[in-house]
Structures are given as C-alpha cells and as structure tokens.
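Take a look at the structure set out below.
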Amino acid sequence: MSVEPISIIIVEDDQVLRESIGEYLTLAGYQVTGAGTGREFYRALDHGSYVIAIIDVGLPDQSGLVLADYLRDNTNMGIIILTARVGEEDQHKGYQAGADLYMTKPVSVRVLASAVGQLASRLTKSPVAIPREESSCWELDQALWTLTSPQKGMIDLTSMEMEFLKLLVQLPGSVITRECLIKQLYPNRIDDYSGRALDALVRRLREKISCITGKANPVKSSYGVGFSFAEPVCAP
C-alpha cells in the first residue's frame, strides 16, 4: 500500500536557495511546494495542506515571523525558521513566534533534511483516542483544552481553536457570523488577514475532528454568513 508523502512548504525569496532545498527534499521523498513571498504563502495555504513550513524571516512583502505566528495560532504545522539572522534576540523572536527550530544560513541541506525528518516523525504520529464513559453529546473541556465526541474520540485543541469553539457552543446550532467571530478572535486586526486566519482555523479544526472521530463534522459553515456547532454540547 502506497504512503502519502509528507508535504512541505518552503517560503524563501532566494529562488536558487529555495529550489536547491526543494530539490534535495524532493529526492528525499517529500512533497515540496515553494513560495517566494508572504502573498504566495497564503495562496498556497488556501489550496493545500502541509505538515512543515520552512520560512525565511526577510521576505520582501512580510516578515517571516508574522507567517510563523499565523501558523502557530491557526494550524498544527511544524515550523522551521531558516534565516541569516544569528543574533540571540533574533532567535528569541523566532521561538516567540512559534518556531519549532531556528536554523541559520548558510545551512547544510543534509542537516536541514535531518531536522525535517525528525520534526515530521513527531508531528505525524497517529493520535490515540482515550477511552471514556458513554455520553450522548460532545464535551468541550475548557480546563484541558479538549473536545470529546460522543464516540469518545478526544481532540486536543490550540488556544485559538478553544476560543473559537467557546463562541460556537454558547448557542449550539445557531450560526455565529464571521464578523462576530473575527471581532472576538482577532480584535486588533480586522482586515483580509483576519478573514484568512479564520478560514484556516476552521479548516484545520475540522480536519482534526474528522481525523479523530471519522464521523460527520459538527462544525458547520453557512456560506457567506458564519459557522455553527450543529450537535448537543454538555459539560465534561
């Protein structure tokens, strides 16, 4: 049985370096997508799903730290910062933005590939559903940051996923508008970024729920209006 290759996106404005890394990782068995700008990166996210992002900080249109912060808030992707900035403060900012690894240029593609392999191995381990007593509804545990299905599949949540679900389950079955969600989740940035961030958040969350439960997803979208949680929710 064939195994789906691990997908990686490389965000690097140096085309020669980007293609060199991409070629090496492709030969190593990965599925690689390249982006030279932040705009290309967001466009790629809209059309694909990735396990790891390798991001340069000094992009022409947006700092790679902003991209890393976006991924950490809205996805479970692994993040490798690859940059010429070697200062301690730069490294601190990289890890604060959510990087799993901070690597400096020039870099050995062999060493980079080894780092990618280790990170991918950790990220792609199959999650284990924890057995629990029978229940007739979904459970959102705000203390443990988990969502548990009636079939007892437990989904670990990020802080943004938890905040999103808290808003939905206040009125189960009712549609919460995109405007309301964006205002609550991204109060300091009401622009195109926040709309893309919300869509990415919902997409990743629905993928996690489907992966764990294998059932119909309770997070429903009302096209052009907003989102709802379509199933009963009870306290854990």
### Within the stretch 100-121, considering residues that are under 17 Å from the mean Cα position of the chain (by Cα) and touching a residue at least 40 places away in the same chain (Cβ under 8 Å), the one surrounded by the fewest Cβ atoms within 10 Å (Cβ to Cβ)
Ala120
#### Entry: Index of the failed condition, Glu179 passing every other in (1) modelled with pLDDT of 85 or more; (2) crowded, with 17+ Cβ neighbours inside 10 Å
(2)
### Inter-residue pairs, beta-carbon under 7 Å, first under 26 Å from Tyr70 (Cβ atoms) and in the stretch 144-160, second aromatic (Phe, Trp, Tyr), 6+ apart
Leu147/Trp138; Asp156/Trp145; Leu157/Trp145
### Query
Taking into account only those residues within the stretch 37-46 that are over 14 Å from the mean Cα position of the chain (by Cα) and either closer than 19 Å to Val202 by Cβ or among the β-branched types (Val, Ile, Thr) (or both), which is surrounded by the fewest Cβ atoms within 10 Å (Cβ to Cβ)?
Arg43
### Residue, surrounded by the fewest Cβ atoms within 10 Å (Cβ to Cβ), within the stretch 57-93, restricted to residues that are in contact with a strand residue (DSSP E or B) (Cβ under 6 Å, 6 or more places away or on another chain), more than 28 Å from Arg206 (Cα to Cα) and touching a residue at least 12 places away in the same chain (Cβ under 8 Å)
Val86
#### Entry: Failed item, numbered, when Ser194 is tested on (1) within 18 Å of the chain's Cα centre (by Cα); (2) part of a loop (DSSP other than H, G, I, E, B)
(2)
### Lone unmet requirement of (1) under 28 Å from Asp156 (Cβ atoms); (2) touching a Lys or Arg at 6+ places or on another chain (Cβ under 9 Å); (3) charged (D, E, K, R) for Asp61
(1)
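The values are calculated or read from the model by the stated rules, or taken from the named source; none is laboratory data. As the structure is a computational prediction, the values presented were derived from the model and not from experiment. Because the Cβ atoms are built from the backbone with ideal geometry, glycine has one as well, and the counts that use them run over all protein chains shown.
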